[in-house]
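The values are calculated or read from the model by the stated rules, or taken from the named source; none is laboratory data. Everything quoted here is computed from the prediction, not taken from an experiment. Reconstructed Cβ throughout: ideal geometry from the backbone, glycine too, with neighbour counts over all protein chains shown.
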C-alpha cells in the first residue's frame, strides 16, 4: 500500500512539473569577451519564416560561439551571424523583422541581415534606434536622435510631423501610429510622453503621463495593445487624471490605472487577447505592495508574479515556440543560472500560430524509464533533440515517421524534448520525466 501511494505521489508530482511554468537557460546564454565584464540583452526579433529568434544587445559570445552584438537562437542551439571578418561594430539597441530580413540598429547606423549574410546598410537616422514599426507600408524608427521619430521614404529618413524630443517605443492602435517616450510636444501639438500619428497630424491621448514624485514629465518606455486598449509602461505616477504607477491603460477616451507594479516598466508584450506581460525594475525590494518581481503577467484584472526573482532587471521580452523569452543584465532566472537570457516554458500567450502538426505528433511513455517512443506520421528526416534543464544536449538523433530511443543511461530528472523536420522547423516541444 505504501509503495502504491508513493508511486501515485511521484506520478502526480511529475505531472505537475511537466505542466508547470519553469524558467530555463538557453545553453550558456550570451556573455562578454572577458569573464565578469558587462553584458546584456536589449532586443528580440522573431523570424517566423525560418523559425529563428534574433537576439541583440551588448555581448561577445552566444553560447560558446563568437557572435558579437547579434546572435541567432533556433530553439535548441546558438548560431553566429558572423562570417569571415564581417561582424557588427557596436551594441545593438533595437531590431525588427521585415519578412525574413532582420533590421538592427546601433550608434553607427542601421544594418540588415538575411539568409546568413549581411546586406547593404540602410542610411542612418543620426543615432541609435530603440524601436521600428511598419505603418501604412512605410518603415518608421524611434529613438533618442534629433526628431525622435522618422520615416524612411526609400532613399532617406524624414522627421515625422515635426517629431518629438525623445522616443522609446511604437505600436499601432485604431489605424494610428502610437509613439511613447519623454516629450511635451509632438510637432506643434501638446502631448505628454505619448502621441498618435494618423498619417497627417499628431494627436494627444488625453493629458498623457507625468511623474509628480520628481516634479517632471514621465517617460513611456513600452507600448502594447490588449483587448482594444493601449497598455503603456515606463516611469510615471499619473496617467491622465488618475494616479497610475508605472503602467496604465488607454481605452480610446480615458486612462485607467493597472495597480500592482512598484517600479519602472521597461517592456510590455501581448498578443492582443491572452493578457499582458511586463518586465523591468519592479520588485519586492521597492514596496511591500508590489505584486511581482521583474517579470509579471496581467490577466485583465490583476498582476501575477512569474517567480523570476528580484536580483537584476529585465529589459526585453518576446514569445518564441510558445515560451516567454526575456533578456537583460541578470545571471539568474528563478532557480537556475541564466546568462542574460532565459525562457519561461508553458507560458500563457503566443506570438504566432500553433506549431505545425502539434496535434499529430506524440512521444510516450511519460514518465519514461528505458525507452522513449516518438511518433511523427508522414514526417521524414525528422530530428529529436533532448536537453537537460541546463540547456545541454544529451541526445540528438535523426529518424522518420516513428522512432524508439534509448534513454536508459540518462540520470533521473526532467528533460526538454524538441522535434524538428528536415529543414529545421520545430514541430513539437515538450518535457519528459526520466524515472
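Any chance the range 6-16 includes a residue that's surrounded by 15 or more Cβ atoms within 10 Å (Cβ to Cβ) and either modelled with pLDDT of 90 or more or out of contact with any strand residue (DSSP E or B) (no Cβ under 7 Å at 6 or more places or on another chain) (or both)? Checked the range 6-16: no residue is surrounded by 15 or more Cβ atoms within 10 Å (Cβ to Cβ) and either modelled with pLDDT of 90 or more or out of contact with any strand residue (DSSP E or B) (no Cβ under 7 Å at 6 or more places or on another chain) (or both).
Restricting the range 337-380 to residues that are in a loop (DSSP other than H, G, I, E, B) and at pLDDT 80 or above leaves a set whose member that is farthest from residue 296 (Cα to Cα) is 370.
Considering the range 300-322, the residues that are surrounded by fewer than 20 Cβ atoms within 10 Å (Cβ to Cβ) and within 30 Å of residue 427 (Cβ to Cβ) include one that is farthest from the chain's Cα centre (by Cα), namely 307. So which residues in the range 69-91 are over 15 Å from the mean Cα position of the chain (by Cα), crowded, with 17+ Cβ neighbours inside 10 Å and closer than 20 Å to residue 317 by Cα, if there are any at all? Scanning the range 69-91 gives 69, 76, 77, 78, 91.
Quick check on my filter: what residues within the range 48-77 are part of a loop (DSSP other than H, G, I, E, B) and more than 25 Å from residue 383 (Cβ to Cβ)? Within the range 48-77, 59, 60, 68, 69 meet the criteria.
Give me the residue from the range 394-416 that is in a strand (DSSP E or B) and modelled with pLDDT under 85 and, out of that set, farthest from residue 47 (Cα to Cα).
Just the residues of the range 394-416 that are in a strand (DSSP E or B), to begin with: 394-400, 402-406, 413-416.
Imposing the further condition that a residue be modelled with pLDDT under 85 reduces the set to 400, 402, 413-416.
On the way: 400: 26, 402: 29, 413: 32, 414: 29, 415: 26, 416: 22 Å.
It comes out as 413.
Taken together, 45, 95 contain a single residue that is assigned to a strand (DSSP E or B), farther than 25 Å from residue 430 by Cβ and free of Cβ contacts under 8 Å to residues at least 60 places away in the same chain, which is 95.
Report yes if residue 258 is at pLDDT 95 or above and closer than 21 Å to residue 315 by Cα, otherwise no. Step through it out loud before you land on a result.
Details: at pLDDT 95 or above: yes; closer than 21 Å to residue 315 by Cα: yes.
Here the answer is yes, as residue 258 does meet what is asked.
Going by the structure shown, is residue 199 over 21 Å from residue 140 (Cβ atoms) and in a loop (DSSP other than H, G, I, E, B)? Here the answer is no, as residue 199 does not meet what is asked.
Could you list, in sequence order, all residues of the range 201-238 that are over 14 Å from residue 251 (Cα atoms), over 26 Å from the mean Cα position of the chain (by Cα) and touching a residue at least 12 places away in the same chain (Cβ under 8 Å)? Break it down into steps so the answer makes sense when it comes.
Of the range 201-238, the ones over 14 Å from residue 251 (Cα atoms) are 201-203, 209-222, 233-238.
Then keep just the ones that are over 26 Å from the mean Cα position of the chain (by Cα); that gives 201-203, 210-217, 238.
Scanning the range 201-238 gives 201, 202, 203, 210, 211, 212, 213, 217, 238.
Within the range 22-41, is even one residue closer than 14 Å to residue 113 by Cβ and part of a strand (DSSP E or B)? There is no residue in the range 22-41 that is closer than 14 Å to residue 113 by Cβ and part of a strand (DSSP E or B).
If you filter the range 166-183 down to residues that are touching a strand residue (DSSP E or B) at 6+ places or on another chain (Cβ under 6 Å) and part of a loop (DSSP other than H, G, I, E, B), you find that the one that is nearest to residue 226 (Cα to Cα) is 182.
So which residues in the range 369-381 are in contact with a strand residue (DSSP E or B) (Cβ under 6 Å, 6 or more places away or on another chain) and surrounded by 19 or more Cβ atoms within 10 Å (Cβ to Cβ), if there are any at all? If the condition is that a residue be in contact with a strand residue (DSSP E or B) (Cβ under 6 Å, 6 or more places away or on another chain) and surrounded by 19 or more Cβ atoms within 10 Å (Cβ to Cβ), then 372, 374, 376 are the ones that fit. Scanning the range 210-236 for residues that are crowded, with 17+ Cβ neighbours inside 10 Å and assigned to a loop (DSSP other than H, G, I, E, B) yields 218, 236.
Return a yes/no flag: does the range 59-76 have any residue that is at positive phi and either in contact with a helix residue (DSSP H, G or I) (Cβ under 9 Å, 6 or more places away or on another chain) or at pLDDT 95 or above (or both). Yes, some residue in the range 59-76 is at positive phi and either in contact with a helix residue (DSSP H, G or I) (Cβ under 9 Å, 6 or more places away or on another chain) or at pLDDT 95 or above (or both).
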